[in-house]
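First comes the structure, then the notes that go with it.
Nothing in this text is a laboratory measurement; each read-out follows from the coordinates by a stated rule. As the structure is a computational prediction, the values presented were derived from the model and not from experiment. Reconstructed Cβ throughout: ideal geometry from the backbone, glycine too, with neighbour counts over all protein chains shown.
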Ligand code: FAD
C-alpha cells in the first residue's frame, strides 16, 4: 500500500516555503517537491546584480525576519541565503531534483507523477512561480535572426555582451535594469511598445505592497480606490536605474515591426543590425503539470477563487501574483496568501 500524504507542495521557492511554514505549524503530513538541486527558487537564476525592491525589514517570510543587509536593498545572494536558512530553520521537508510532470486525481486522492516516481496526497498546493515559463512574443521573422537571442530569465551580466550591439526589448523592470547595466559596457538600444513609465523615486516595493493592500481592501468593501499614480507595473527607480537615468541612456526607440537575419525592421522600413537581442518580455505561469486536472489559459492561469482552484476540489495555487492573491508574488505579500491558503486546506482535509 502506498503512503498518502495530506498535502504535496510543488515548488520550494519563497511561496512554497511560506506555505510550508503554516502547514508545519498545523502538524500536517506534507512534503515539498522542487526540481532544483539547491535552495533559493527563481533567485538562483536571477542576474548577478539583481536586488530586492525593498529593504530587508519589509521582505520577510512568516516567522523570521530577513537579516539586515549592508545594502539599501538586499542582494540576490542575500535573498538566496535567507531562503536556504529559512527552510533549515523550520526543518521543512523538501525533496530536491524532483520535477512534477503530471497529476491525476481519483477518489479524492492525487497521484503526482515525477522524474523520481509517483507520490500520493489528499491535497495539492502548486507554488511553481513563473521562471520556468519565459514568454517571447511571436514576431514576424524571429526565426530568421542569426544573432544571439536570450530571454531575461537567462541573462547573467553585461560581460556576456561586451562589444556587441544589443537590443533590449520590453518596458518593464527587467528591461530598464538590463539596459542600465549593459549601457555601461556597450552600445544598447531599448525597444518598448509604449513609453516607459516610472514610479516616483521614493516609491519602493514596500510602498507598492501597501498600495496593493489598500486597493484589495477597497475592492472587497466595494469602495472606489484611485491608485492611478502608482501603477504597480511601472518601473521602480532602484539605484542602477537612477544612475542610468542620470547618464541619459534610458531612451526608448519604440517598437519594431519585424525581424530579419541581422536585426530588426522599424516601422518606417529602416533595417538595423544587432548582434544580440534580450527579450525582457515577461513570463507565463509554470502550471503545465496541472493540465490533466484543470484547464489553463495560454499564460498558464488556472481558474481560482484567490488561491483555491474552482474546477477541482483539493487543489490550491499560491504565489503567482494578483490572480492568486494580491502581491502574492513577493516575499512580503506571500505571507497573508500562504496563511489563508493553509487554513482553507485544513478545512478541506477535515471535511473529506
Ligand atoms: P519561484 O521562486 O520561481 O519558485 C518556484 C520553485 O518551483 C522553483 O524552485 C522551481 O524550480 C520549482 N518548480 C517549478 N516547476 C516545477 C515542477 N514542475 N516540479 C517541481 N518543481 C518545480 N520579489 C520580491 O519579493 N521582491 C522583489 O524585490 C522582487 N524583485 C524582482 C525583480 C525582478 C526583475 C523579477 C523578475 C522578479 C522579482 N521578484 C521580487 C519576484 C520574485 O523573484 C518571484 O516572484 C518569486 O521568485 C516567486 O516565488 P515563487 O516561490 O512563487 O516561485
Q: Have a look at 138, 242, 189 and tell me which one the Gaussian network model of the chain (Cα, springs below 10 Å) gives the largest fluctuation.
A: 138
Q) With the calculation restricted to Cα positions, what are the radius of gyration and Dmax of segment 141-279 in angstrom? A) 17.6, 55
(Q) Using Cα-Cα distances under 8 Å and only pairs 6 or more residues apart, what relative contact order does the chain have, in percent? (A) 21 percent
(Q) Give me the percent relative contact order of segment 73-132, please, defined on Cα pairs under 8 angstrom at least 6 residues apart. (A) 19 percent
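Quote the relative contact order of segment 1-82 in percent (integer), defining contacts as alpha-carbon pairs under 8 Å separated by 6+ residues. The partial results should precede the final answer.
On the way: 99 pairs, mean separation 22.5, N = 82.
The normalised contact order for segment 1-82 reaches 27 percent.
Can you give the calculated 222 nm mean residue ellipticity of the chain, where each DSSP H run of n ≥ 4 adds -39,500 (n - 2.57) and the sum is split over every residue, rounded to the nearest 500 deg cm²/dmol?
Details: 6 runs with 79 residues, N = 352.
Calculated mean residue ellipticity at 222 nm is -7000 deg cm²/dmol.
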Q) Pick from 219, 243, 87: which is most flexible by mean-square fluctuation in a GNM of the chain where alpha carbon atoms under 10 Å apart are linked? A) 219
Q. In degrees, nearest 10, range 0 to 90: what is the angle between the Cα axis of helix 14-25 and the longest Cα principal axis of the chain?
A. 20 degrees
Q) So what's segment 198-292 giving for Rg/Rh, alpha carbon basis, Kirkwood Rh from the mean inverse pair distance? A) 1.11
Q: Rounded to the nearest Å, what's the spacing between the alpha carbon centres of segment 1-43 and segment 275-299? Just the number, please.
A: 22 Å
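Report Rg/Rh for segment 150-225, rounded to two decimals, where Rg is the Cα radius of gyration and Rh the Kirkwood radius.
Values: Rg = 17.2 Å, Rh = 14.9 Å.
Across segment 150-225, the Cα-based Rg/Rh ratio is 1.16.
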Q) Using all Cα-Cα distances in segment 1-129, what percent lands in each 10 angstrom bin from 0 up to the longest? A) 13, 41, 30, 13, 3, 0
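Find the Rg to Rh ratio for the chain, where Rh is the Kirkwood radius over alpha-carbon pairs and Rg uses the same atoms. Mind dumping the intermediate values first?
Values: Rg = 21.4 Å, Rh = 21.6 Å.
That ratio is 0.99, to two decimals.
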Q: Report Rg (one decimal) and Dmax (nearest whole number) for segment 97-222, counting Cα atoms only, units Å.
A: 21.2, 60
Q. Once the Cα atoms of helix 334-351 and of the chain are each reduced to a long axis, what angle between those two axes, in degrees from 0 to 90 to the nearest 10, is obtained?
A. 30 degrees
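What is the diffusion coefficient of segment 207-352 in µm²/s, taking the Kirkwood radius over Cα pairs and the Stokes-Einstein relation at 20 °C with a viscosity of 1.002 mPa s?
Working: Rh = 19.2 Å.
The diffusion coefficient I find is 112 µm²/s.
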Q. Given the Cα-Cα distance of residue 245 and residue 193 and 0.36 nm per residue of separation, how much length would full extension add, in nm?
A. 16.8 nm
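Go through 123-130, 70-77, 147-154 and give me the packing order, highest mean Cβ count within 10 Å leading. Before the final figure, lay out the partial values.
On the way: 123-130: 26.9, 70-77: 15.5, 147-154: 17.8.
Packing order, densest peptide first, comes out as 123-130, 147-154, 70-77.
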Q: On a C-alpha basis, how far is the centre of segment 75-138 from the centre of segment 194-244 in Å? Whole number, if you could?
A: 30 Å
(Q) How large is log10 of I(q)/I(0) for segment 86-135 at q = 0.21 Å⁻¹ when the intensity is taken from the Debye formula with one equal scatterer per alpha-carbon? (A) -0.94
Q) In degrees from 0 to 90, rounded to the nearest 10, what is the angle of the helix 76-89 Cα long axis to the longest principal axis of the chain? A) 10 degrees
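For the chain, give me the percentage of DSSP beta bridges that are antiparallel, rounded to the nearest 5 percent.
Working: 24 of 54 bridges.
Antiparallel bridges make up about 45 percent of those DSSP assigns within the chain.
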**Q.** Top of 202, 78, 181 by mean-square fluctuation, Gaussian network on the chain, Cα under 10 Å
**A.** 202
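Please sort 249-257, 336-344 by packing, taking for each peptide the average over its residues of neighbouring beta carbons within 10 angstrom, highest first. Mind dumping the intermediate values first?
Numbers: 249-257: 15.2, 336-344: 21.1.
Highest to lowest by the protection proxy: 336-344, 249-257.
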